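Undergrad: Starting off with a structure, shown below.
The values are calculated or read from the model by the stated rules, or taken from the named source; none is laboratory data. Just so you know, these numbers come straight off a predicted model, no measurement behind them. Quick reminder, even Gly has a Cβ in these numbers, built from the backbone with ideal geometry, and neighbours come from all protein chains shown. Quick note on the areas: whole protein, heavy atoms, side chains included, nothing else; ligands and nucleic acids left out. Shrake-Rupley method; radii C 1.70, N 1.55, O 1.52, S 1.80 Å.
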Amino acid sequence: MKSSSMGQSKKTIKTLTYVFLILGSLIMVFPFIWMILTSLKTIEESTQIPPTIFPQAMHWKNFKDAIASLPFVRMYANTILMIFFRVICAVLFSSMAGYAFAKLNFKGKNILFALVVVQQMLPSQIFITPQYQMLAKMSLTNTIFALVFPGLVSAFGTFFLRQAYLGIPNEIGEAAYLDGCNQWQTFYKVMFPLTTSSIAALAVFTAVFAYSDLMWPLIVNSDLNMMTLSSGLATLRGQFMTNYPILMAGSLLAMLPMIILYLFFQRQFIEGVAMTGSK
């Protein structure tokens, strides 16, 4: 009798857990569903009070108008180039810096690493003014390099990969040295390949952070043809009235690169979240 009641209690807890998880999933998915439905409405339906959930007719013209309003092909190219170069820079420089902080002994090591940690604690907005002034003096605003500039180095990537290199036994590096490898060969032939899962996670997170960056691209590139998808969509918002169906249609079109990226790198996304938590 007691085992039967315990089994019933476990079944009830399991059922309630699934119910809460389903409700949580619906709450998270609802904004995306609303965005899709709004992109197919007329502007009158999108501003109607009380709001209507489903459009009376599918207005696919909103997508055509969104494409005509913005140079989406150029913005796709700008966004892809920005993500690509930021990922390359984050992986390359963070790997070398993380290895140096984890495995090498040099003067001022602790002070320099403290600066890296402090940079993570500061809001990124305080770096916008000096970074913009540097680019303006070099006449490099409204360029792809301007979009990549804040991602040339990554404090998060340096800290993250340092933790990965700390997890590799020192005996592996010592064995490479005994086999005739110098410090550089030990890094790129032995240590670097052992951190591929951490590097994949860093690449995924760097791509997500770069894709969602709005303030910097909007400030540094004022030319519409040099904007990214996030900053370009901000120009669709009107001063006195916003055409929400066209804005939602443009948002759906802007989501395509990240959806494609997720479909190809689902495992890396999941491993990256788990690995970041464990580190």
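Undergrad: So what is the 222 nm mean residue ellipticity for the chain from helices alone, if each DSSP H run of at least 4 adds -39500 (n - 2.57) and you divide by all residues, rounding to the nearest 500 deg cm²/dmol?
TA: Using -39500 (n - 2.57) per qualifying helix, the result is -22500 deg cm²/dmol.
Undergrad: Any idea what % of Cα-Cα pairs in segment 111-238 are farther than 17 Å? Present the calculation step by step, with values, prior to reporting the outcome.
TA: Values: 5524 of 8128 pairs.
Summing the P(r) tail past 17 Å for segment 111-238 gives 68 percent.
Undergrad: Can you tell me what the convex hull of the Cα atoms of the chain projects to on average, as an area in nm²?
TA: On the way: hull surface 94.6 nm².
Orientation-averaged projected area of the Cα hull: 23.6 nm².
Undergrad: What's log10 of I(q)/I(0) for segment 59-133 at q = 0.23, 0.25 Å⁻¹, Debye sum over Cα points only, no solvent?
TA: -1.13, -1.15
Undergrad: Another question, if that's okay. Could you please put PHE264, PHE72, PHE84, PHE192 in sequence from largest to smallest accessible area, using a 1.4 Å probe? Numbers along the way, then the final one.
TA: On the way: PHE264 160, PHE72 15, PHE84 115, PHE192 65 Å².
Result of the area sort, largest leading: PHE264, PHE84, PHE192, PHE72.
Undergrad: Treat every Asp and Glu Cβ in the chain as -1 and every Lys and Arg Cβ as +1, leave all other atoms uncharged, and give the resulting dipole magnitude about the Cα centre to the nearest 20 debye. Could you put the intermediate results ahead of the total?
TA: Details: 18 positive and 9 negative charges, 116 e Å.
Using only the charged Cβ atoms, the result is roughly 560 debye.
Undergrad: Using the Karplus curve 6.51 cos²θ - 1.76 cosθ + 1.60 with θ = phi - 60°, work out ³J(HN,Hα) for each residue of segment 14-25 in order, rounded to whole Hz, and write x for Gly and Pro.
TA: 5, 5, 5, 4, 5, 5, 5, 5, 5, 4, x, 5
Undergrad: Enter the Cα centre distance for the pair segment 1-74 and segment 92-118, rounded to the nearest angstrom.
TA: 45 Å
Undergrad: Report the semi-axes of the equivalent ellipsoid for segment 1-108 in whole Å, largest first, where each axis is √(5λ) for an eigenvalue λ of the Cα gyration tensor. Mind dumping the intermediate values first?
TA: Working: eigenvalues 352, 315, 19 Å².
Value: 42, 40, 10 Å, ordered largest first.
Undergrad: What's the tally of Lys pairs in the chain whose alpha-carbon atoms lie under 19 angstrom apart, where the two lysines are 8 or more places apart or on different chains? Present the calculation step by step, with values, prior to reporting the outcome.
TA: Numbers: LYS2/LYS10; LYS2/LYS11; LYS2/LYS14; LYS41/LYS61; LYS41/LYS64; LYS103/LYS189; LYS103/LYS279.
Counting lysine pairs in the chain gives 7.
Undergrad: Pairs of Cα atoms under 8 Å, at least six residues apart: use those to get the relative contact order of the chain, whole percent.
TA: The value is 29 percent.
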